[in-house]
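Single-structure report; data block below.
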Amino acid sequence: MLSVSMLMMYISFLGMFLLILAIGLIVLSRTKLKGWLARIVTFLAYICLIAGGLIILYVVLSGPTR
């Protein structure tokens, strides 16, 4: 069974992973892809950016755990 602190750590890792994934997808779509595929990858990158930002915001604003 995971403690609340460990669970929050794993959730924050997920948020950081999504932010790093968004960076990689944006770089990929702007340098290697063209046309509709670039737009789809860019859209996915912005979804990852928003989701990762919201997750990190949740972790930060939830405060310390016991």
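Can you work out ³J(HN,Hα) from phi for every residue in region 50-64, in order, using Karplus 6.51 cos²θ - 1.76 cosθ + 1.60 and θ = phi - 60°, giving whole Hz and x for Gly and Pro?
The phi angles translate into 5, 5, x, x, 5, 5, 5, 4, 4, 5, 5, 6, 6, x, x Hz.
Which one, GLY35, GLY24, GLY52, has the greatest fluctuation when you compute a Gaussian network model over the chain with C-alpha springs under 10 angstrom?
GLY35
What residue among LEU21, LEU37, LEU49 has the largest mean-square fluctuation in a Gaussian network model of the chain, using Cα springs under 10 Å?
Highest fluctuation of the listed residues: LEU37.
Applying the Karplus parametrisation 6.51 cos²θ - 1.76 cosθ + 1.60 with θ = phi - 60° to the phi angles of region 17-29, what ³J(HN,Hα) value in whole Hz is obtained for each residue in order, glycine and proline being reported as x?
4, 5, 5, 5, 4, 4, 4, x, 5, 5, 4, 4, 5
How long are the three semi-axes of the equivalent ellipsoid of the chain, in whole Å, if each is the root of 5 times an eigenvalue of the C-alpha gyration tensor, listed from largest down? Don't skip to the answer; put the middle values down first.
Numbers: eigenvalues 194, 19, 11 Å².
The answer is 31, 10, 7 Å, longest axis first.
Which whole-number percent is the relative contact order of region 4-61 (Cα, under 8 Å, 6+ apart)? Provide the component values of the computation, followed by the final result.
Working: 46 pairs, mean separation 28.9, N = 58.
Result for region 4-61 is 50 percent.
Could you compute the FRET efficiency for LEU28 and LEU57, with r as their C-beta to C-beta distance and R0 at 22 Å, rounded to 0.05? Provide the component values of the computation, followed by the final result.
Values: r = 26 Å, r/R0 = 1.16.
Efficiency for this residue pair is about 0.30.
Throughout, read-outs are computed from the coordinates displayed, never taken from laboratory work. All of these numbers come straight from a predicted model, not from anything done at the bench. In this analysis, Cβ positions are derived from the backbone assuming ideal geometry, glycine residues included, and neighbour counts consider all displayed protein chains.
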